[in-house]
Protein chains: 4
Amino acid sequence: MPADSPLELPPTTALLMMECQKGVLDASGKFAALAERAAAKGMVAAIARILATARETSRTVVHCLAVTRADGAGRYRNAPLLRLSGEGLTIGSSRAEVVDPLAPADGDFVVARMHGVSPFHGTELDAILRSRGVSTVIASGVSLNVGITGLVIEAVNHGYEVVLPTDAVAGVPAEYEAAQIKSSLRMLARLTTADEVCEALRR
Amino acid sequence: MPADSPLELPPTTALLMMECQKGVLDASGKFAALAERAAAKGMVAAIARILATARETSRTVVHCLAVTRADGAGRYRNAPLLRLSGEGLTIGSSRAEVVDPLAPADGDFVVARMHGVSPFHGTELDAILRSRGVSTVIASGVSLNVGITGLVIEAVNHGYEVVLPTDAVAGVPAEYEAAQIKSSLRMLARLTTADEVCEALRR
Amino acid sequence: MPADSPLELPPTTALLMMECQKGVLDASGKFAALAERAAAKGMVAAIARILATARETSRTVVHCLAVTRADGAGRYRNAPLLRLSGEGLTIGSSRAEVVDPLAPADGDFVVARMHGVSPFHGTELDAILRSRGVSTVIASGVSLNVGITGLVIEAVNHGYEVVLPTDAVAGVPAEYEAAQIKSSLRMLARLTTADEVCEALRR
Amino acid sequence: MPADSPLELPPTTALLMMECQKGVLDASGKFAALAERAAAKGMVAAIARILATARETSRTVVHCLAVTRADGAGRYRNAPLLRLSGEGLTIGSSRAEVVDPLAPADGDFVVARMHGVSPFHGTELDAILRSRGVSTVIASGVSLNVGITGLVIEAVNHGYEVVLPTDAVAGVPAEYEAAQIKSSLRMLARLTTADEVCEALRR
């Protein structure tokens, strides 16, 4: 997909939502700045529009979640982020749940992982996509700083085309978002907007 | 490793050098801006100091290379970067070789891949490190924009501690380097310098 | 571990139980012959003894399960076994549960997968084991024909030492068990018995 | 592919040849019994017929090799087979080469690994196949005891359909071959013969 052609999203397109969880998008939590940035740009509403369209048009929908066991077992603490984020997203807790506007529906897939910082490694995500013939993924959610970047790199490594609606992702600080997209993700993904994605899904 | 403690690099530390190849660090090539930035900050010299010290102290050394077949077969072209970089690093060509100051020596490992943008996925890198009991990796080379970021994320996913000497990596433009390190990699890796790495390797 | 030395099981040993699920070990189900063979040799009782000892001695315990969604989505049907086994182990159903004598307890890990025929690929199993420093795995459960063989091969690929208590696994027909162990698994795993495993775990 | 339908091999079929190396198929080497069995059944000639047809019909061809460094570094010795096979297939040696009738030609892929016992884990094999749109793999080579079984299980895990020409694989002892195919591989692969494969490739 050259950047100047109209966006095409074949039936084999999947929507991936990264860590849109209550404990992540919580303005009073550990990631308050990120939550504020996501709120300021209307990220959840943008993803919700894509999600509704993806479901209407029978695309594959996957919620990619980070979770921890109550006893903290089964995960590495081998990075500052993982030492920080630690015990905030306990399985079964409200904080581990997807935010209400994006709550999983029947037919959606939920891929939760306890380890690492990106959604493909050591999970069934690739097997799910591949078993459904998915060729193209729409990356959405948080954060551009780590998780979305990891998602995009892993998706490229696995052979998928990646579409990035820049209003459906968030990172901090706000000025880093633009720099990161321009200097890193633009080389890996087709940049677009939530509205263009919705139009292309409907075509 | 909390950021304020002295850097410790156990015997199980490995040096990873990312795509320090003639065709990448070529001031007249496709990645001229990156090559210029690496030259301006003395990146290759900084890596060379770490490399010499790593070899002296019997650490594992791995050259992570991107290569292509002359016929272009066996790789995806599923991202703008991969459509661009395409046929420049042909196996057996001078451009695919590591730059002279970092040339592989006996005992070094060379892990070349034809696909994707980061060094762990679909390669023996993890098996090599794991078979040698490696716990900590030093990330060096290019580019911060994509490859080093991918390397760091994948290393964290695989359970390694990551050490990032900021003068031994390069990205473009120069001002993006600092932003990327501050806003992304600082959460995943211990930031340091080539000199501190050399001291810690010798301790 | 040479085969003639006493069995040693370090604190970093984990017990893996493969698909000991009600819908698999069901004498009236699709895998009736396998269920009968497991019953005839007392496989579940042998695993239960190891499981009790592993818990007493604080070893890592992992239940490796095969599950399917009610709508069948998210899995390949790319092999005769997968076309057959299909919709029998629906998430949330009694048939997907572990048999009562081996039921998961607090502290155990449960790794359920929808795809494929072995437990490491595309799951968190390796990350869980690695984050806990596991070096050695005890393979138990069903079936020697496919799943246990896959588990053993994958564990070797990931760098683990494998211990196989031959009374804690089952395959069909009975005479194939011995042939398979002698001609295949003996080259990949240390052969032993449940009682020897229990003794070694306690030492 | 139900077992009773005519064999169909789409253009997206690849031929995988497992460890058909001089040091493996050497009647005076460590694996003499396997070499004798392969010779007795004419395995190399059967593979050579498939290979010629695969090349004629522009299918993807991959040689999957086991190799070791002269210094033995970079591989686990975590299984009896790996402690035995150790230093016999040194990179650059004649023993590591593919046997003459199957020697790699331009356009073939060669995927060599230093670790483990099967060809997909920690190699570019899946990326190569996937980048070429491969859906179906023909499994050939040695040994049924370990490597071919691992290849088939991994291929199924990655979503490929597997075709197994039983005269193009070998294991020991001879009577184990039939048992292993009947009791294990028949559930994972479509059984066929080299001649049927050649016909289907030409259709």
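The values are calculated or read from the model by the stated rules, or taken from the named source; none is laboratory data. No experiment lies behind these values; they were computed from the predicted model shown. Note that we place each Cβ from the backbone using ideal geometry, even for glycine, and neighbour counts take in every protein chain shown. For accessibility, only protein heavy atoms count, side chains too; no ligands or nucleic acids. Shrake-Rupley method; radii C 1.70, N 1.55, O 1.52, S 1.80 Å.
Considering the range B:170-184 alone, what residues qualify as being more than 24 Å from residue B:32 (Cα to Cα) and under 17 Å from the mean Cα position of the chain (by Cα)?
Correct list: B:184 only.
Report, by residue number, each residue of the range B:10-23 that is open to solvent by less than 10 Å² (accessible area, probe 1.4 Å) and out of contact with any Cys (no Cβ under 7 Å at 6 or more places or on another chain). Break it down stepwise before answering.
Here is the first cut: in the range B:10-23, the ones open to solvent by less than 10 Å² (accessible area, probe 1.4 Å) are B:13-18, B:20-21, B:23.
Hits for the range B:10-23 are B:13, B:14, B:15, B:20, B:21, B:23.
Residues that are within 11 Å of another protein chain (Cβ to nearest Cβ), modelled with pLDDT of 95 or more and in contact with a Lys or Arg (Cβ under 6 Å, 6 or more places away or on another chain): does the range B:155-166 have at least one?
Yes - at least one qualifying residue is present in the range B:155-166.
Within the set of pairs 6+ apart or on separate chains, which have a first residue in the range D:131-146 that is away from chain B (no Cβ under 14 Å), a second that is open to solvent by 10 Å² or more (accessible area, probe 1.4 Å) and of a type in the set (Ser, Thr, Tyr), and C-beta atoms under 6 Å apart?
Final answer for the pair search is D:135/D:12; D:145/C:183.
Conditions tested, residue by residue: (1) more than 13 Å from the chain's Cα centre (by Cα); (2) over 24 Å from residue B:73 (Cα atoms); (3) not polar (S, T, N, Q).
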position	(1), (2), (3)
D:18	no, no, yes
D:28	yes, yes, no
D:32	yes, yes, yes
D:37	yes, yes, yes
D:61	no, no, yes
D:73	yes, yes, yes
D:82	yes, yes, yes
D:107	yes, no, yes
D:132	yes, no, yes
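Condition first: closer than 15 Å to residue B:176 by Cα and assigned to a helix (DSSP H, G or I). Can you find one or more residues in the range A:157-174 that meet it?
yes
From the list C:14, C:70, C:27, C:52, pick out the single residue that is more than 23 Å from residue D:186 (Cα to Cα), of a type in the set (Gly, Ala, Ser), out of contact with any His (no Cβ under 8 Å at 6 or more places or on another chain) and assigned to a loop (DSSP other than H, G, I, E, B). Walk me through it before giving the result.
Numbers: C:14 fails: assigned to a loop (DSSP other than H, G, I, E, B); C:27 fails: more than 23 Å from residue D:186 (Cα to Cα); C:52 fails: assigned to a loop (DSSP other than H, G, I, E, B).
Of C:14, C:70, C:27, C:52, the one residue that is more than 23 Å from residue D:186 (Cα to Cα), of a type in the set (Gly, Ala, Ser), out of contact with any His (no Cβ under 8 Å at 6 or more places or on another chain) and assigned to a loop (DSSP other than H, G, I, E, B) is C:70.
Mind listing whichever residues of the range D:67-108 are small (Gly, Ala, Ser), open to solvent by 30 Å² or more (accessible area, probe 1.4 Å), facing another protein chain (nearest Cβ under 10 Å) and within 21 Å of residue B:113 (Cα to Cα)?
Residue satisfying the conditions is D:107 alone.
Would you check if residue C:122 is assigned to a loop (DSSP other than H, G, I, E, B), in contact with a strand residue (DSSP E or B) (Cβ under 8 Å, 6 or more places away or on another chain), open to solvent by less than 30 Å² (accessible area, probe 1.4 Å) and not charged (D, E, K, R)?
The answer is yes for residue C:122.
Under the condition of being under 15 Å from the mean Cα position of the chain (by Cα) and not aliphatic (A, V, I, L, M), which residue from the range A:144-159 is farthest from residue A:63 (Cα to Cα)? Give the steps one after another, and end with the answer.
Narrowing the range A:144-159 to residues under 15 Å from the mean Cα position of the chain (by Cα): A:144-156.
Filter once more, so that each one left must be not aliphatic (A, V, I, L, M): A:145, A:147, A:149-150, A:154.
Numbers: A:145: 19, A:147: 13, A:149: 16, A:150: 15, A:154: 16 Å.
Per the criteria, the residue is A:145.
Open to solvent by less than 20 Å² (accessible area, probe 1.4 Å), among the aliphatic types (A, V, I, L, M), more than 7 Å from every other protein chain (Cβ to nearest Cβ) and not in a helix (DSSP H, G or I), is that true of residue B:111?
The answer is yes for residue B:111.
Considering only the range B:129-152, how many residues are surrounded by fewer than 24 Cβ atoms within 10 Å (Cβ to Cβ) and part of a helix (DSSP H, G or I)?
2
Tally the residues that are surrounded by 19 or more Cβ atoms within 10 Å (Cβ to Cβ), more than 17 Å from residue C:19 (Cα to Cα) and of a type in the set (Val, Ile, Thr), restricting the search to the range C:41-59.
1
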